[in-house]
Each structure stands twice: as C-alpha cells, then as structure tokens.
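Chemist: Quick one: structure below, then a few questions.
Every number here is computed from the coordinates shown, using simple stated rules; none is lab data. Predicted model, so just to flag it, every value in this text is computed and none were measured. Here the Cβ is made from the backbone with ideal geometry for all residues, glycine too, and neighbour counts use every protein chain on show.
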Amino acid sequence: MSIFNVELKKVIDDSYEIEIGYELQKKLIADINAGLGGNIKKYVVVTDSNVKPLYADKILELLISNGYKADLIVFPAGEENKTRKTKEYVEDTMLELGYRRDCCIIAVGGGVVTDLAGFVAGTFGRGIPFINYATTLLAAADASVGGKTAVDTPLATNLIGLFNQPEKVYIDIATWKTLPARQISSGLAETIKHACMADRKFFDYINDNMQAVFDVDDEVCGHIAQENCSIKYKVVMKDELESGLREILNLGHTVGRAIETVSEYILLHGEALAIGLMAEVKLAKKLGYCTDLDETLVQDILEKAKLPTKIPDYIDREKLLKKLYTDKKVKNGALRFVLQKGIGDVVSFGDNLYAKEIPESVAREIIMSM
Ligand code: GLY
C-alpha cells in the first residue's frame, strides 16, 4: 500500500472591478474587445422576460456586430423562477447551442438573473467566467456584487449555490429609470439595511433624498450605488466566504427570507426584508441594543421608502416561525440573529462573531406582536 500526498495549495486572485455609470452597454463591449474575461469569442447572454427587450437584446446585438458568437437565453421574470429547473433549462440550452468551456456568461438583469446565471457559470463545464450587468437597484445594492450565487428551493431561498466571483460588474443607473416604483422600494430595503448596520450618515442621506431616488436623480442614485458597494465590499473583502463578519449583511434576513418564502413570493425580496428589518430592530430593542427612537427611525424610513413594516395577515405565524429554521445562520438547531446597535452599527459577540443565539420563545413574541 502507498500514500500519495496531493498538494493543492492555492493562491487565488479573484479581484474585479465594479463600474458604476450610465448606459454602459458600449463600455461592456469595449472591455470585452480589450480582453475582459480572457479574450473569449463566445458569449451567452442570460436574462429574463422583462429585461430582454429593454437591455439584453441591445447587448446581444452589440456582441454579434463586434464579431462574437452570441446567443440569448431568456427565462420568465420572477423570484419563483430562480429554481434548479430554470438552471437546468439554461444549461441544456447552452449545450444544445454548442457552448462548451470556452464561453462566458453575461447576466443582464436583476438579482434573480445574476444569482442564477452566476450559479450556472460556476458549474457549467466545471466553471466558466461570467460578467454581471445589473439593471435594478436591488442587484446593484446586493445581489450582483459579492459573489453569492444560488437558486431557491421549495423549502427556502438561496439554499443551493456557490461563492463565485464575476469577472466584472456593471451597475447601469440609467436602467433604474424603467423600474416600477415597487422595484425601487425593494432595492431601497437592501440600501437601508446597509445604512442600519454600518453608516448613520448614509441613513440620514437616504432619508433626506428619498424622493430623488424614486425620481432616479443621477447624482443621488450615483451616491447610493457608491455607498452600497463601499459598505458591502468592506465586509466581503474581509470575509468572502462568510465565516463570521459577512453574516452582518444578513441583518433583517433571518425573518425577511422566511417571510418571502411563506408569502410564496407575493412579497418582493426587499418588501420581505423591510418586515425583517422591523422585526429585528424590535428584537435588538428588547435585548437593549436599540432604543424606542431607533425603532421609530427604522419604521419611518421604511415607510418613506413605501415598504411594509408589518407582517401581512395572510402570513401563517406558526409556519413563519418554523421557516426561521431554514436560515443558514442556524447552528446546532438554534436560531441565530444579527443585531443592530443603534443606527449604523451591529453588535459584536466576540472574535469574528456577529450573530447571537435567540430562544424561539423570544422570536415568537416579536413575530406575534407584528
Ligand atoms: N446578501 C448578503 C451577502 O451578500 O452576504
């Protein structure tokens, strides 16, 4: 018998740029012409039925007119389609169209598209490069940046996926002009989350400039996009794989993700998150980390962003409590929550420890009060 030592120590550089700007389609093609992603000649543009006519068709046309082989793969819009079945559809279509390992995916859309396409890229041919072209505030604030890719399952959101970093992210603020107000609100929830956990000044800025966000004012939206990236990347660069610190980006999500699933996606991600932020500021207040004023400020800013702050009547509270246990922070069967400390900070519970075990009875009390 013998033993082989398989030495596979790795030094990986997954660094990439996030470019924030207006109408970046031509810039994307110029970057590809200049070698972004490694001089690849074949591109698959993955998008959804809403984004196809607005932005993805144009990107496909530019790729083809610049001499690349390119195809568009479109799936129906909506979180309910961020599934293994849709992933399989995209993969099978790519195989049928003749794509193999020498191609690159360009995800054009919101969080559903970038999450799903990034996951496809991570497993297709054991991994091909991908580029995110984000067309919603929610994708700009959270989903398209940071390298979390996933699909949902009937049990809960985002349970199956990969950490997989894109070659580059484009945040095209001009695309927010075609978003319905409800989608702007949804993206504002992730933005408000960032402010609640990391930056009181940004919280006040959002509060003071809320209408300008709905009006897609260039300067205000540019600032919002910059701040979201800056807050998120300070965390991701320290803890890409969520061994501790990155859990703070989960503020509001323990309850939020559970409500999103129990609502069967009647609620948009950001709407469910808003209710989650409200529940979790109440929890932080109960534990002495937030004041009555903090709770009021969070409620006011969410309402100003036209987001819900109460659990809708149609949500079965017992089902919701059970669903909390599908959260990825659950350890040894215990619920764990990230807790806001005032506005603009979170509680640290020790070295690289940012989530606290909370008895179900306490979570129950909060949920039943909402
Ligand atoms: N959406 C939370 C994170 O990226 O970690």
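Chemist: Neighbouring Cβ atoms within 10 Å as the yardstick, rank Lys148, Lys322, Lys177 fewest first. Please report the intermediate quantities before stating the final value.
Modeler: On the way: Lys148 25, Lys322 13, Lys177 10.
If I rank by nearby Cβ atoms, fewest first, I get Lys177, Lys322, Lys148.
Chemist: Additional query: Of all the stretches in the chain, which is the longest one without any exposed loop site, taking chymotrypsin sites (Phe, Trp or Tyr not before Pro) in a DSSP loop (any state but H, G, I, E, B) with at most 10 other Cβ atoms within 10 Å?
Modeler: Values: sites that count: Phe4, Tyr314.
Of all site-free stretches, the longest is 5-313.
Chemist: Turning to a different aspect of this structure: Rounded, prolate or oblate, given the Cα gyration tensor of the stretch 105-164, with a/c below 1.5 counting as rounded? Intermediate results must be reported in sequence, preceding the final value.
Modeler: Details: a/c = 1.94, a/b = 1.06, b/c = 1.83.
Oblate, because a/c is 1.5 or more while a/b does not exceed b/c.
Chemist: Once amide H atoms are built 1.01 Å from N in the peptide plane, which residues 5 or more positions from Thr83, or in another chain, come under 5 Å H to H?
Modeler: Under 5 Å from the amide H of Thr83 lie the amide H atoms of Asp152, each far enough along the sequence or on another chain.
Chemist: Could you give each residue of the stretch 238-248 its phi-based ³J(HN,Hα) in whole Hz, using Karplus coefficients 6.51, -1.76, 1.60 with θ = phi - 60°, and x for Gly or Pro?
Modeler: Result, rounded to whole Hz: 8, 8, 4, 9, 6, 8, x, 3, 4, 4, 5.
Chemist: Then there's this: Just rank Met368, Met94, fewest to most, by other beta-carbon atoms within 10 angstrom.
Modeler: On the way: Met368 11, Met94 22.
By the 10 Å Cβ count, ascending, the order reads Met368, Met94.
Chemist: Using modelled backbone amide H atoms (1.01 Å from N, in-plane), which distant-in-sequence or interchain residues come within less than 5 Å of Ser49's amide H?
Modeler: HN-HN under 5 Å from Ser49: Phe75, Ala77.
Chemist: Out of residues 5 or more away from Ala70 or on other chains, whose amide H comes under 5 Å of its own, with H placed 1.01 Å from N in the peptide plane?
Modeler: Tyr43
Chemist: Tell me, what HN-Hα J-couplings in whole Hz come from the Karplus equation 6.51 cos²θ - 1.76 cosθ + 1.60 at θ = phi - 60° for each residue of the stretch 154-165, using x for Gly and Pro?
Modeler: Values, residue by residue: x, 6, 5, 7, 6, 7, 10, x, 9, 7, 8, 8 Hz.
Chemist: Sort all Cα-Cα distances of the chain into consecutive 10 angstrom bins from zero, then give the percent of pairs in each bin up to the one containing the longest distance.
Modeler: P(r) over the chain, rounded to whole percents: 5, 25, 33, 24, 11, 3, 0, 0.
Chemist: Hey, with R₀ at 22 Å, roughly what FRET efficiency would Tyr325 and Lys286 work out to, going by the Cβ-Cβ distance, to 0.05? Before the final figure, lay out each step's value.
Modeler: Working: r = 20 Å, r/R0 = 0.92.
Once the sixth-power term is evaluated, E becomes 0.65.
Chemist: List the trypsin sites (Lys or Arg not before Pro) within the stretch 1-87 that fall in a DSSP loop (any state other than H, G, I, E or B) and whose Cβ has at most 14 other Cβ atoms within 10 Å.
Modeler: Of the trypsin sites (Lys or Arg not before Pro), the ones in loops of the stretch 1-87 whose Cβ has at most 14 other Cβ atoms within 10 Å are Lys9, Lys10, Lys41.
Chemist: Separate question: Using the 10 angstrom Cβ neighbour count as an exposure proxy, how do Met1, Met278 rank, fewest first? Can you show the working numbers first?
Modeler: Details: Met1 2, Met278 25.
Least to most surrounded, the residues fall as Met1, Met278.
Chemist: Only helical DSSP H runs with n ≥ 4 go in: add -39500 (n - 2.57) per run for the chain, normalise by residue count and round the 222 nm mean residue ellipticity to 500 deg cm²/dmol.
Modeler: Values: 13 runs with 152 residues, N = 370.
For the chain, the value works out to -12500 deg cm²/dmol.
Chemist: What residue among Ala181, Ala279, Ala195 has the largest mean-square fluctuation in a Gaussian network model of the chain, using Cα springs under 10 Å?
Modeler: Fluctuation is largest for Ala181.
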